Amino acid sequence: MTAKTLYDKLWDAHLVKQRDDGSALIYIDRHIIHEVTSPQAFEGLRLAGRKPWRVDSILATPDHNVPTTTVERASGVSGIADPVSKIQVQTLDDNCDSFGITEFKINDRRQGIVHVIGPESGACLPGMTVVCGDSHTATNGALGALAHGIGTSEVEHVLATQCLVAKKMKNMLVKVDGVLGKGVTPKDVVLAIIAKIGTAGGNGCAIEFGGQVFRDMSMEGRMTVCNMAIEAGARAGMVAVDDITIDYVKDRDFAPKGNDWVLAVNAWRELVSDADAVFDVVVELNGSDIIPQVSWGTSPEMVVSVADSVPDPAAEKDAVKQTGMTRALEYMGLSAGQKMTDIQLDRVFIGSCTNSRIEDMRAAAAVVKGRKKADSIKEAIVVPGSGLVKEQAEAEGLDKVFTDAGLEWREPGCSMCLAMNADKLGAGEHCASTSNRNFEGRQGYGGRTHLVSPEMAAAAAIAGRFVDVREWL
């Protein structure tokens, strides 16, 4: 029998038809939808006189456009000030009501970012194919699932047929062995990976994250890493199933129960790459060498350690890369050779589908506890990834730790990850952000984004600049 990778096993289990041209039809187990990419898909269904093929496979929630201030949220959809955002959220509600789709609406305690509520609710499980009209659906690969984003036309296709036209990707293994040092987080690991292979390093590949570092990592940490597989050029990232995976899934609302649970666990334990499986690409890092990371440019690959300085484009031999670096420095308002710890900040954002889970909240709170936000920081907001994360954090008193330190505790949503709601950067403002993208204008027109871990962002809120959080722990 031919040895298979985890990706091979997931692909083969869902293959409906393989075509001679290399394209294939794969079955989709779970479809998550939100307010941004679903309206056109539902309209397409209506125009064609179709209905969703399998309503119970779909789970919906608004996240990109929802406000995060308590005042705006109190009135539900009617309280959304921006008219376009209000229409998008209301349209999602109307479509879900019309087709009988389960939705965690704006003030449902389970509402949150799509990539947080899927695993949290148990709606996304090991061995599943999971899609959503959002590239960071790759987050769910941490469960040992094949999960990736799809386009709006594909959203309609999956709604109508429960299948997706796809081409099989190459297998890529990113292996990180060793032990992470104090203050080094999953976010630092994935930023270090992207810095090494570049944003095109995983093009055409499904990445499996393996090695001791990932075996030791919590499920929420694995989600952070898989979330940013897309920033390394891959369409999907995944981690093999182990006891950590199974313990995380157990007793969640949508997870199997009773004898079904026993059968499921037995099947899930097979979701690992065979020992002699061959990968098309293998990349190796030593986790012991990784220290806290900070992005300096306008691409997730433009990253250095907090102990380093801003790179000099003149030292880059590739003319195209040199031009990109020069443009990035101009946009970011930075100078070659400038120490990362000399970068002064205006705002801090702790949240997003990358870093808004309870472990992220705890880690950030541990840094700011007993300290005060720097006067130079105009705003520092902490946005839980879901209503359930918010409830748990408040039960643990984390919200008070943040507010006592001068940080704002918000309602769940995508928030300042992208400029589709009221939380935005002003032109020229530098932000320490726990999100996943630092493109030009990503957090607001002219805004300057620096990607960091929750601990690094929390420390930056206190210091007013970047500091090596390892010295604070």
Quiz prompt | Filtered residue count, the stretch 297-327, keeping only those that are touching a Phe, Trp or Tyr at 6+ places or on another chain (Cβ under 8 Å), without any contact (Cβ under 8 Å) to a residue 60 or more places away in the chain and not hydrophobic (A, V, I, L, M, F, W, C) | solution = 1
Quiz prompt | Selection within the stretch 69-127 - of a type in the set (Asp, Glu) and at pLDDT 95 or above | solution = 93, 94, 97, 103, 108, 120
Self-check item: Residue pairs meeting the criteria (Cβ under 6 Å; at least 6 apart or on separate chains; first closer than 21 Å to residue 220 by Cβ and open to solvent by less than 10 Å² (accessible area, probe 1.4 Å), in the stretch 445-472; second of a type in the set (Ser, Thr, Tyr) and part of a loop (DSSP other than H, G, I, E, B))
Solution: 453/185; 454/434; 457/434
Quiz prompt | Leading residue by the ranking (nearest to residue 218 (Cα to Cα)) among those in the stretch 342-367 that are open to solvent by 40 Å² or more (accessible area, probe 1.4 Å) and of a type outside the set (Gly, Ala, Ser) | solution = 359
Practice problem: Quick one: which strands (runs of 3 or more DSSP E) lie wholly within the stretch 107-196 and hold at least 3 residues that are within 13 Å of residue 30 (Cα to Cα)? | Solution: 129-132, 146-149
Quiz prompt | Among the candidates 393, 427, 380, residue that is over 17 Å from the mean Cα position of the chain (by Cα) and assigned to a helix (DSSP H, G or I) | solution = 393
Quiz item: Which condition breaks for residue 81 when tested against (1) under 30 Å from residue 399 (Cβ atoms); (2) open to solvent by 70 Å² or more (accessible area, probe 1.4 Å); (3) in contact with a strand residue (DSSP E or B) (Cβ under 9 Å, 6 or more places away or on another chain); (4) not acidic (Asp, Glu)?
Solution: (3)
Quiz item: Among helices (runs of 4 or more DSSP H) lying entirely in the stretch 1-91, which contain 1 or more residues that are closer than 27 Å to residue 160 by Cα?
Solution: 6-14, 39-48
Practice problem: With a cut-off of at least 1 residues that are of a type outside the set (A, V, I, L, M, F, W, C), modelled with pLDDT of 95 or more and closer than 21 Å to residue 12 by Cβ, name the strands (runs of 3 or more DSSP E) lying wholly within the stretch 225-312. | Solution: 236-238
Self-check item: Failed criterion for residue 186 (all others in (1) under 30 Å from residue 467 (Cα atoms); (2) surrounded by fewer than 24 Cβ atoms within 10 Å (Cβ to Cβ); (3) touching a Lys or Arg at 6+ places or on another chain (Cβ under 9 Å) hold)
Solution: (2)
Practice problem: Could you identify the single residue in 357, 347 that is in contact with a strand residue (DSSP E or B) (Cβ under 8 Å, 6 or more places away or on another chain) and not acidic (Asp, Glu)? | Solution: 347
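The values are calculated or read from the model by the stated rules, or taken from the named source; none is laboratory data. Keep in mind that what you see is a predicted model, and the values were worked out from it rather than measured. With ideal geometry, Cβ positions are generated from the backbone for all residues, glycine too; neighbour counts draw on all protein chains shown. Accessible surface is based on the protein model in full, side chains and every heavy atom, while ligands, DNA and RNA are left aside. Shrake-Rupley method; radii C 1.70, N 1.55, O 1.52, S 1.80 Å.
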